[in-house]
Amino acid sequence: MNKERKLIIAGNWKMNKTVAEALILAQGLKRELREVKEVDVVICPPFTALESVSKEMLDSNIRLGAQNMSENNFGAFTGEIAAGMLRELSVRYVILGHSERRQYQKESDELISKKAQAAHAASLKPIVCVGETLDERESGQTEKVVETQVRGSLAGLTKDQMEESVLAYEPVWAIGTGKTATSQQAQDVHAFIRKLLVSMFDETTARRVRIQYGGSVKAQNARELMGQKDIDGALVGGASLDIRSFGDIIKNSI
Ligand code: PGA
């Protein structure tokens, strides 16, 4: 597929896989995707499996991501993990502001922007998630909601940091539900986000930022979604937990 930006496809394993299971999945993906150079592939295991998977991936083209991090660098924050701790395990990416964290942990745009800045300070690339709920879409508020999240979550980033960041548009109603946005619905919001980035940063920065789509991405719908002009990759949940289905998503996107 001839794309303006290199595709980035990330697997968000969420709260799944013991260390032993994570290693089996990671080894399988390493084998399956050995030849893939056209797409940046990232896997995001739970914290407990990062160290083992990191060692396993030393000689692989697959990069490692975490699913969250603290906005603080160190100190008395029980249960939290700092960016520097992730870097020590050769983690390169970190998912921030996933809708499940926005919903269950009440993460705000302001908090997410602090985390994004802390990630960059530690040379981690944030994957910043935004997306509307079904109610918001049905009441015609998609663009308003997405704009507020994009402006708030990326506040304070420099142009260079923005270029090194990834955005993920994930309509909440499509996550884990089997309902995918049509490729046109997704493309429309992606184009809207890119226009927003022009006004927040500039034309060049906006052209370079990769925007992933997320929400029930599968091998069967990956090609059409990735074929859209402003869709530069995918953030995959359920289908990333299996060697074959994640591998096929990537192969079908090339
Ligand atoms: P899903 O999850 O692919 O299972 O819909 C996507 C996500 O939450 O990132």
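Quick grid of which residues meet (1) touching a residue at least 24 places away in the same chain (Cβ under 8 Å); (2) more than 16 Å from the ligand (Cβ to nearest atom); (3) acidic (Asp, Glu); (4) touching a strand residue (DSSP E or B) at 6+ places or on another chain (Cβ under 6 Å):
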position: VAL19; (1), (2), (3), (4): yes, yes, no, no
position: LEU25; (1), (2), (3), (4): yes, no, no, no
position: GLY28; (1), (2), (3), (4): yes, yes, no, no
position: GLU32; (1), (2), (3), (4): yes, yes, yes, no
position: GLU35; (1), (2), (3), (4): no, yes, yes, no
position: ASP40; (1), (2), (3), (4): yes, yes, yes, yes
position: ILE43; (1), (2), (3), (4): yes, no, no, yes
position: PRO46; (1), (2), (3), (4): yes, no, no, no
position: LEU50; (1), (2), (3), (4): yes, yes, no, no
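With respect to ASP232, is the statement that it is among the charged types (D, E, K, R) and either at pLDDT below 95 or surrounded by 22 or more Cβ atoms within 10 Å (Cβ to Cβ) (or both) true?
The answer is yes for ASP232.
Quick check on this structure: which one of LEU7, LEU64, LEU33, LEU89 is more than 17 Å from the chain's Cα centre (by Cα) and under 23 Å from ALA234 (Cα atoms)?
Just a single option satisfies the conditions, and that option is LEU33.
Can you work out which of the residues in segment 59-81 that are in contact (Cβ under 8 Å) with a residue 24 or more places away in the chain and of a type in the set (A, V, I, L, M, F, W, C) is farthest from LYS114 (Cα to Cα)?
Within segment 59-81, the match that is farthest from LYS114 (Cα to Cα) is ILE62.
Out of all the residues in segment 31-55, which are surrounded by 20 or more Cβ atoms within 10 Å (Cβ to Cβ) and under 17 Å from SER90 (Cα atoms)?
Those that are surrounded by 20 or more Cβ atoms within 10 Å (Cβ to Cβ) and under 17 Å from SER90 (Cα atoms): ASP40, VAL41, VAL42, ILE43, CYS44, PRO45, ALA49, LEU50, VAL53.
If you go through segment 102-145 one residue at a time, how many are charged (D, E, K, R) and on the phi > 0 side of the Ramachandran plot?
Residues meeting the conditions: 1.
Taking the criterion of being in a helix (DSSP H, G or I) and over 17 Å from the mean Cα position of the chain (by Cα), would at least one residue in segment 126-135 satisfy it?
Looking for residues that are in a helix (DSSP H, G or I) and over 17 Å from the mean Cα position of the chain (by Cα), one finds at least one in segment 126-135, hence yes.
If VAL130 meets every condition in (1) touching a helix residue (DSSP H, G or I) at 6+ places or on another chain (Cβ under 6 Å); (2) open to solvent by 60 Å² or more (accessible area, probe 1.4 Å); (3) among the β-branched types (Val, Ile, Thr) apart from one, which number is that one?
Failed condition: (2).
The values are calculated or read from the model by the stated rules, or taken from the named source; none is laboratory data. Given the structure is predicted, the values throughout are model-derived calculations rather than measurements. Cβ sites come from the backbone with ideal geometry, for glycine too, and all protein chains shown count toward neighbours. Accessible surface is based on the protein model in full, side chains and every heavy atom, while ligands, DNA and RNA are left aside. Shrake-Rupley method; radii C 1.70, N 1.55, O 1.52, S 1.80 Å.
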